[in-house]
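Report on the structure given below.
The values are calculated or read from the model by the stated rules, or taken from the named source; none is laboratory data. The structure displayed is predicted, hence computed values, not measured ones. All Cβ positions, even for glycine, are placed from backbone atoms using ideal geometry, and neighbour counts span all protein chains on display.
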Amino acid sequence: MDGGRTYNAVGPLRRAHIYERPGMRALIRSKSAHLVVVGGLLALSALLATPAQANSVVSTVPAVGAVLTQAPNAVSVTAATALLSDGNSLSVTDPNGVEVDDGSLTISDTTAVVGLKPLTVTGIYTVSYTLLSATDAPLTDSYTFLFNAPAVITTPTASPTPVVTHPIIPSNSASSSAAKITVLVFLGLATIVALFLVWYARLIWKQSRKARKRRTHERGQK
């Protein structure tokens, strides 16, 4: 056999002889296990590098912690991303834990809206929501607002208004004016009568004087 064939024949035998050593087999197994662990860590780091993004709330109506004196007719929560049309929830409870929303949940792009029943209890109301988005993780949270209800809630009813009539009573000023006019009239009449009596008395006195002169003259002629 030439040198090349002898090398090929002996080479495999020597490699097989090396692999059959216990120390070499353990070394090979440890390297394989190390490669598996490294591969697993790389895969885990790749998964952790792209986690699901958390959605967030942009605004709420009523606002968080708001103090209201007029009852709202609906509650809305607006998220940062568009919401799915199904799977969302939005509820409102009064201070006693009784649900006061009417269940009419509507989704419009990034906003969830639910209607409310008439609010009659004063206290803290709790808004709880779960919002689902196609690209983000579910958003579940709650917030509160304070509502001060009116002291008395009544429905006004029409009632006839009583009409009060008052008798017409002449005022004192009118009475005093009439009395003054009457007095003036009487004074005027009395003045006229007095002047007439004075004139009549002078007329009688003049006539009587003429009569005496006539008689005196007639006596003197006789």
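Looking at the structure I just gave you, is Ala158 among the hydrophobic types (A, V, I, L, M, F, W, C) and modelled with pLDDT of 85 or more? It would help to see each step written out before you state the result.
On the way: among the hydrophobic types (A, V, I, L, M, F, W, C): yes; modelled with pLDDT of 85 or more: no.
Taking the combined requirement at face value, the residue does not satisfy it.
Looking only at region 67-104, which residues are of a type in the set (A, V, I, L, M) and more than 25 Å from Asn148 (Cα to Cα)? Spell out how you get there, then give the answer.
First, the residues of region 67-104 that are of a type in the set (A, V, I, L, M): 67-68, 71, 74-75, 77, 79-80, 82-84, 90, 92, 98, 100.
Residues satisfying the conditions are Ala79, Ala80, Ala82, Leu83, Leu84.
Does at least one position in region 116-134 carry a residue that is over 21 Å from the mean Cα position of the chain (by Cα), over 11 Å from Leu90 (Cα atoms) and either surrounded by 10 or more Cβ atoms within 10 Å (Cβ to Cβ) or modelled with pLDDT of 95 or more (or both)?
yes
Output the residues belonging to region 64-104 that are hydroxyl-bearing (Ser, Thr, Tyr), outside any strand (DSSP E or B) and touching a residue at least 24 places away in the same chain (Cβ under 8 Å).
We begin by selecting, within region 64-104, every residue hydroxyl-bearing (Ser, Thr, Tyr); these are 69, 76, 78, 81, 85, 89, 91, 93, 104.
This time we only want the ones that are outside any strand (DSSP E or B), so: 69, 81, 85, 104.
Within region 64-104, Thr69, Thr81 meet the criteria.
For region 105-154, what are the residues that are in contact with a Pro (Cβ under 7 Å, 6 or more places away or on another chain), under 26 Å from Gly87 (Cα atoms) and part of a loop (DSSP other than H, G, I, E, B)?
If the condition is that a residue be in contact with a Pro (Cβ under 7 Å, 6 or more places away or on another chain), under 26 Å from Gly87 (Cα atoms) and part of a loop (DSSP other than H, G, I, E, B), then Leu132 is the only one that fits.
Can you report the number of residues in region 52-63 which are closer than 16 Å to Thr111 by Cα, in contact with a strand residue (DSSP E or B) (Cβ under 6 Å, 6 or more places away or on another chain) and in a loop (DSSP other than H, G, I, E, B)?
So the answer is 2.
Consider region 103-115. How many of its residues are loosely packed, with under 14 Cβ neighbours inside 10 Å and under 14 Å from Ser76 (Cβ atoms)? Don't jump to the end; show me each part of the working.
As a first pass, look at region 103-115 and keep what is loosely packed, with under 14 Cβ neighbours inside 10 Å: 103-104, 108-109.
With under 14 Å from Ser76 (Cβ atoms) added as a condition, the list becomes 104, 108-109.
Adding up the residues that qualify gives 3.
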